[in-house]
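Read-outs: derived from the displayed coordinates by stated rules, not from any lab. All values derive from a computational prediction rather than experimental measurement. Cβ placement follows ideal geometry from the backbone for every residue including glycine, while neighbour counts extend to all protein chains displayed.
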Amino acid sequence: MISVDFPASVIRLDNGLTLIHQEIAATPVVVADVWVRAGAIAEPAEWAGMAHFLEHMIFKGTDQLPPGVFDYAIETQGGMTNAATSHDYAHFYITIAADMLPHTLPYLADLLLHAAIPADEFDRERQVVLEEIRQAQDDPDWLGYQAMSELVYQDHPYGRPVLGTAEILQQRSPEEMRCFHQAHYQPDKMTVVITGGIPLEPTIAMVKHAFRGFASPPPCPPAAIAPVPNLPGVRRETLHLPRLEQSRLCMAWLGPGVDQLETAHGLDLLAAILAEGRSSRLVRELREDRQLVQDIGAGFSLQRDCSLFTIQAWLDGDAIDRVEAIVCDRLSELAAQPISDGEIARAKRLLCNDYAFSTEAPGQLAGLYGYYGTVATAEHCLAYVPTLQRYTDEQLRPLASQYLTPLRYVSTILRPA
Amino acid sequence: MTASLLQTPQLHRTVLPNGLTVLVLENPVADIVSARLFIRAGSSAEAHHQAGLVSFLMGLLTKGTETMASMAIAETVESVGASLGTDAAADYSVISLKTVSADFPEIFALAATLLRQPSFPEDEIDLERRLTLQQIRSMQEQPFTLAFNQLRQDIYGHHPYGRPGIGNEATVANLTQADLIAFHRQHIRPDHVVVTIVGRISPEAAQAQVENALGDWSAPPTAPPPLRLPAVTTAATCSRVAQETNQAIVMVGYPAAPVKHPAYAALKLINTYLGNGLSSRLFVELREKRGLAYDVSAFYPTRLGLSKFVAYIGTAPENTATALEGLRTEVDRLRTTVLSDDEIQASKNKLLGQYALGKQTNAQIAQLLGWYEILELGVEYDQQFQDMVAAVTALDIEAVAQEFFHTPYISLLGPEEAIGPVAVAQG
């Protein structure tokens, strides 16, 4: 299947692997970004942290490729490589001069398909992941985010930390990880994105050749699937943290998943209207005029099963209750009173330009296609700008009233111990 | 890869009659224009008792002009979905903007007005001060920042590079509108400004817009006194911040060559060898082979004055002594070991390859070109730097390591029972 309107080619190979390619003629750089539907939501609860730990172990080589050889090969050819794991995905990317891709892509494919996960490397790398957890635990914003996630997602796996916990990781074995790897790093769960200075035909040949010989998937404990919860009312939790210099208030609402992208994009607009930039409603009122907060922002994050809408403020502890009440009040107003054309136009311009600004380099483009290709389909990202442009006041306000209600949300408060 | 920006014929450099330098690079690929307005004065130009002044001033540039209030400025930028920000670095300051190409003339003209005619309204000064003081206090929440501030203070003493750019509570509390106006009058002048414009715009159009907005701006008759940075006279120490963190931070630092020093390229190469990427020496030895850390790296910032070379690691508190020993061993090794040709070549490929990858977006190119120009290295430095790196030899590395890597300044942060004994053992 090759799409005509979409600027990239989306190709399903015979083994089920998805390839997304876009040539950018003006650049001498190529990005290869491999996305796997094997994030933290693929884990059984007792294996929490496995997906992220595996991302580390992928770089520990195969029977053909000793540990470190891949990193050395990429970097000494002037390229860069790295990886990231979230709930919905793990992804692995290299950025390199276009003429070096044929020499490096087979290595990346070998790591992803045939990771050896040696026992001694497993033990050593676990120490590294435990250090990563220690570092995160010294970050108050990470602690606040985890507390909020648990409260808002309840039993859904989005509520678990991607890093897992030290206790769980200590109990895991290389055999379990190999099982998880072979079960999930399969062609039907993998999207290879190649963008930059390379034409389509050699790319197809290269990817076909490199991404073959997948192991047959072994039986593996199934993921813990819990439904996306309905928030029954207002849930509030306060954490008292040492070394904290400033309190935080984080209010969170659940939104739709990727099966309702149009609605999700509308919530993106509402976030911009409320708190993106100094002339947005909440920043102007609470930071610039009334000076009740050090800063305030709204965030909307799209995920497969459900999205998350947050409003976060950095403020003095004694302003928390007041600010929370004002935010609730402003959300009621948002749903009840017409939103001016100027505000809607401003939010659209901000988001459409952000989209343009974030697709300038091949790596940014590959990330966008890979993300949409993993949680929905890559072509869906093309609908983002036209969907935003169509929104009117009459369509936005019902979204505010349905999703951003002051009657049902989660509030996580951080205060100095 | 793009070997040099200068080989591309589109780079246009002009100097207006008032001394303002303009660099334009046309890049029609995306419908985006990025621009930078660089000022040849950074935090190092402020007096000790006014620490934080330049950072404060740059923040206030967008908060009012002779004809526009703060909110009107924000509305102008945000209504067209542009981005406009300011920053104060040690050696320079900068206004950055990015727009789709149709909006560029309006937003560039606004940026030029912010640069020339800020009004520093008293109520905005009060708000900015409150926000800045809170930001200073919030640095206490970040272990890495605290450990680094301590190291920098120890290395530089009263030298301006020893202070955090944001200033400290005592100095920021005392900054006044008169201080801002005086600094602006003395340092922000056309012959100390470089404008870079990169993106979908013709050199003629870009040039015309700069002339329109900034051509009639005249420089004051007397030049500001040239920047004289004091000598660094401190001695190596070991300092510690006791905090009940989950991880200890260990840093070793060495005073290191300024950008115009002959050792600069060799030190950049050493930094790459030790600290850059998954195949770097520190990463492989301390993380991959010994599992001591998640974050272990090195950095060597480019400075007009005396710079610093820093290697650091975050590790479990009980590993503090081991991690410190590991960092010191790896740095000291360069004084006594001649690196192999393969190691040198691999590091050069890495440094030059990543340098090229750092020139992918219009904003990155606008930043790099203007930065070289404002440091008075000239845009030719883009090529010169690459040539200098290519010419570094194994013996150069050894000689530079022997010249700069003596007894390190050490900064430790973590639980007292873990770092205290290590600090005491250092004497």
The range A:187-250 and the range A:134-168 have their Cα centres apart by a whole-number Å value of 16 Å
Chain B, Gaussian network, Cα under 10 Å: of B:225, B:317, B:203, the residue fluctuating most is B:225
Given labels modelled 7 Å from the Cα in the Cβ direction, how far is it in nm from residue A:345 to residue B:335? 6.7 nm
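If you wrap a convex hull around the C-alpha atoms of the protein assembly as shown and split its volume per residue, what is the figure in Å³? Present the calculation step by step, with values, prior to reporting the outcome.
Values: hull volume 135.2 nm³, N = 844.
Here the figure is 160 Å³ per residue.
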Do the sum for chain A: with -39,500 (n - 2.57) for every DSSP H run of n ≥ 4, divided by all residues, what is the mean residue ellipticity at 222 nm, to the nearest 500 deg cm²/dmol? -13000 deg cm²/dmol
When the Karplus curve 6.51 cos²θ - 1.76 cosθ + 1.60 is applied with θ = phi - 60°, which whole-Hz ³J(HN,Hα) does each residue of the range B:119-127 get, with x for Gly and Pro? 10, 6, x, 4, 5, 6, 4, 4, 5
Residues of B:240-246, mean number of Cβ from any other protein chain within 10 Å of their own Cβ, rounded to a whole number? 3
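If packing is taken as the average count of other Cβ atoms within 10 Å, what order do A:152-159, B:391-398 fall into, highest mean first? Don't skip to the answer; put the middle values down first.
Working: A:152-159: 20.4, B:391-398: 16.0.
In decreasing order of mean packing, A:152-159, B:391-398 become A:152-159, B:391-398.
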How well do other chains shield peptide A:75-86, expressed as the mean number of their Cβ atoms within 10 Å of each residue Cβ? 5
Spelling it out for residue A:193: with amide H atoms placed in the peptide plane at 1.01 Å from N, the residues 5 or more places away or on another chain with amide H under 5 Å from its amide H are A:20, A:33, A:34, A:35
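Work out the FRET efficiency for residue B:14 and residue A:142 from their Cβ-Cβ distance, taking R0 = 56 Å, and round it to the nearest 0.05.
Values: r = 49 Å, r/R0 = 0.87.
FRET efficiency, residue B:14 to residue A:142: 0.70.
In percent, how large is the relative contact order of chain B, given Cα pairs closer than 8 Å and 6 or more residues apart? Could the numbers behind the result be given before it?
Details: 787 pairs, mean separation 97.4, N = 427.
Normalised by residue count, the contact order of chain B is 23 percent.
Let me confirm one metric for peptide A:124-136, namely the mean number of other chain beta-carbon atoms within 10 Å of its residues' beta-carbons. Could you put the intermediate results ahead of the total?
Values: counts 6, 3, 1, 9, 9, 2, 3, 14, 5, 3, 10, 11, 3.
Mean shielding by partner chains, rounded to a whole number: 6.
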Calculated from backbone phi, Karplus (6.51, -1.76, 1.60) coupling profile of the range B:33-44 in Hz, x at Gly/Pro: 10, 10, 9, 9, 10, 8, 10, 7, 7, x, 4, 5
Between A:292, A:407, A:19, where does the largest GNM mean-square fluctuation fall for chain A, given springs only between Cα atoms within less than 10 Å? A:407
With θ taken as phi - 60° and the coefficients 6.51, -1.76 and 1.60, list the Karplus ³J(HN,Hα) couplings across the range B:71-85 in order, rounded to whole Hz; mark glycine and proline as x. 5, 5, 5, 4, 5, 4, 6, 6, 5, 9, x, 8, 10, 8, x
List every residue whose amide H lies under 5 Å from the amide H of residue A:257, counting only residues 5 or more places away in sequence or on a different chain, with H placed 1.01 Å from N in the peptide plane. A:307
Between residue B:402 and residue B:234, what is the spin-label point distance in nm, taking each point 7 Å from the Cα along the Cα→C-beta axis? 2.8 nm
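Can you pull out the trypsin sites (Lys or Arg not before Pro) in the range A:218-274 that DSSP calls coil and that have at most 10 other Cβ atoms within 10 Å? Show your work: numbers first, answer last.
Numbers: sites: A:235, A:236, A:243, A:248; in loops: A:243.
Taking the range A:218-274 and a limit of 10 other Cβ atoms within 10 Å, no loop trypsin sites (Lys or Arg not before Pro) are found.
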With r as the distance between the Cβ atoms of residue B:218 and residue A:166 and R0 = 45 Å, compute the FRET efficiency 1/(1 + (r/R0)^6) and round to 0.05. 0.10
I'd like the distance between the alpha-carbon centres of the range B:367-388 and the range A:61-95, rounded to an integer number of Å. 31 Å
Highest mean packing first, using Cβ neighbours within 10 angstrom, the peptides B:231-242, A:249-260, A:216-227 sort as A:249-260, B:231-242, A:216-227
